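Data block below; observations after.
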Amino acid sequence: MARGKHAAGAFDRSSTIAVVALATLVLLGGGTAYAAYRYDLASAVRILPGVTVDGVDVGGMTRDEAIRAVNARVETSLGGDLVVNAAGREWHVTPAALGTHADVEGAVDRAFAVADSLSLVSRVYHRVVQRPVTAPIALTLTYDEARVSSLVQLINGEVTRPAMNAGLFLVNDELVVRKSSPGEELNRQVAASRVGTALERLAQVVTLPTKTVKPTVKASDVGKTIVVDLSDTMLYLYDGLKIFRQFPVATARAPYITPVGTWKVVRKVENPAWYNPDPTGWGAGAPLYIPPGPGNPLGTRALYLNAPGIRIHGTYSSYSIGTHASHGCIRMYISDSEELYPLVPIGTKVIIKP
């Protein structure tokens, strides 16, 4: 019996020691956890080590310190040079001038939020042993779309090269025979998008695409053009960009004029009648009306221009061809006017050059 009591007592003592040890460990663990909690709470005013904002190491900084550090970097970046290339030329502008703004405070808030993604133990570990986390935070940048649009419009105005249509043109009283050629302009929608992307990334260079502008009139589309040269009293009929026919003519004598400019054929008449256009002036004494037929001042064919009172017509006064003899109209030999007539549709361009 004595041995049994001794064994039971020993068991009770061992159990008591184990319970006390376990309780001690629990108490110690609870104290450590509480200490860790208090440490984490006190350290929460600083960003975890290793966190960066736009490449700036903000680990261990308070919110105000981090905002100042990132702002210093941002001010330098927004004041830097952005080179815009287009059509072999370049323009220099700063992101700040285009209204670019960085959400520094939002980025710093995200830097603090990195800690929330970790457990308490992990946060304490990184802070105590200064073990950096890998957490790069990107800045969110916005820009003024109206300023970007204005920049693109400015560049477009400087690089635009209009497409040149083929045709014959009177330029500074000289005849210009021009082939078609393509033009060039910015693709403005794509250009604005590229500038915006460059600003959001704080890039240093951006290239804007141009697009080819096709001419609307090629040489094969030109058709017929009449050119009257007052200096050599000749009429040239062009087919496309090449002379197709040429005829001697008579034009106005002083003080009358055959008007220089670009006109068009608005009406065609075979065997026209003549109505005296100035019965109290140069037509005084002439009949008010002369029917079609021999002796009619308009001959057998007449092309009416949109230049007031001006026609290209045949004449029975063949001796006047090659001189300045009319009151403004362009006279042709009867046979030449009849040859020209079917070759010229209504709407044909007529250029009269000095």
Taking R0 as 35 Å, what FRET efficiency do you get between T76 and A35 from their Cβ-Cβ distance, rounded to the nearest 0.05?
0.25
Helix 2-43: angle to the longest alpha-carbon principal axis of the chain, degrees 0 to 90, nearest 10?
30
What number, rounded to the nearest 500 deg cm²/dmol, is the helix-based mean residue ellipticity at 222 nm of the chain, given -39500 (n - 2.57) per DSSP H run of at least four residues and division by all its residues?
-10500 deg cm²/dmol
Would you mind computing, in nm to one decimal, how far apart the modelled labels at D64 and A113 are, each placed 7 Å from Cα along Cα→Cβ?
2.4
Normalising by the residue count of segment 102-174, find the relative contact order in percent from Cα pairs under 8 Å and 6+ residues apart.
38
FRET efficiency, T262 to T160 (Cβ-Cβ, R0 30 Å, nearest 0.05):
0.75
For segment 145-219, what number results from the quotient of the Cα radius of gyration and 2.2 N^0.38 Å?
1.50
Residues whose placed amide H lies under 5 Å from that of Y316, excluding near-sequence neighbours
G299
Amide proton proximity set for A135, modelled H, under 5 Å, gap of 5+
T52
Can you give the angle from 0 to 90° between the axis of helix 104-113 and the longest principal axis of the chain, with both taken from C-alpha atoms, to the nearest 10?
30
Given the options T280, T100, T62, state which has the largest fluctuation in a GNM of the chain using a 10 Å cut-off (strictly under) for Cα springs.
T280
Nearest 10 degrees, 0 to 90: helix 188-201 Cα axis against the chain principal axis
20
Relative contact order of the chain, please, whole-number percent, based on alpha carbon pairs below 8 angstrom and at least 6 residues apart.
13
log10 of Debye I(q)/I(0), alpha-carbon scatterers only, for the chain at 0.07, 0.12, 0.15 Å⁻¹:
-0.63, -0.94, -1.14
Below 8 Å between Cα atoms, with a sequence gap of 6+, how large is the relative contact order for segment 207-354 in percent?
30
With labels modelled as points extended 7 Å from the Cα through the Cβ direction, what inter-label distance (nm, one decimal) is found for A42 paired with E200?
4.4
Give me the net charge of S180's neighbourhood, meaning all other residues with Cβ under 13 Å from the Cβ of S180; Lys, Arg count +1, Asp, Glu -1.
+3
Quick calc: nm separation of the 7 Å Cα→Cβ label points for R253 and S122 -> 10.8
How charged is the neighbourhood of L208? Take every other residue with its Cβ under 13 Å from the Cβ of L208, and add Lys/Arg as +1 and Asp/Glu as -1.
0
Just to check I understand the Karplus step: with θ = phi - 60° and J = 6.51 cos²θ - 1.76 cosθ + 1.60, what whole-Hz values come out for segment 311-316, glycine and proline as x?
9, 9, 8, x, 8, 7
With a 10 Å radius around each residue's Cβ, average the other Cβ atoms per peptide and rank 51-59, 293-301, highest first.
51-59, 293-301
Modelled FRET efficiency - R0 35 Å, H92 with K218, Cβ distances, 0.05 increments:
0.35
Using 0.36 nm per residue, how much length does the chain from K179 to T207 gain when fully extended, once their Cα-Cα distance is taken away?
7.0 nm
Residue-wise, which Karplus ³J(HN,Hα) couplings in Hz belong to segment 69-75, taking 6.51 cos²θ - 1.76 cosθ + 1.60, θ = phi - 60°, and x for glycine or proline?
5, 6, 4, 4, 5, 5, 4
Diffing segment 215-232: the Karplus 3J(HN,Hα) column from phi (6.51, -1.76, 1.60, θ = phi - 60°), in whole Hz with x for Gly and Pro, holds x, 8, 10, 9, 4, 6, 9, 5, x, 8, 9, 9, 10, 10, 9, 5, 6, 10
What is the antiparallel percent of DSSP beta bridges lying wholly in the chain, to the nearest 5?
75
Residues of segment 139-172 with amide nitrogen under 16 Å from the 7 Å Cα-to-Cβ point of N187?
156
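Readers should treat all values here as calculations from the given coordinates under stated rules, not as data from a laboratory. If you're wondering where the values come from, they're calculated on a predicted model, not measured in any experiment. Cβ coordinates were reconstructed from backbone atoms using ideal geometry, including for glycine residues, and neighbour counts include every protein chain displayed.
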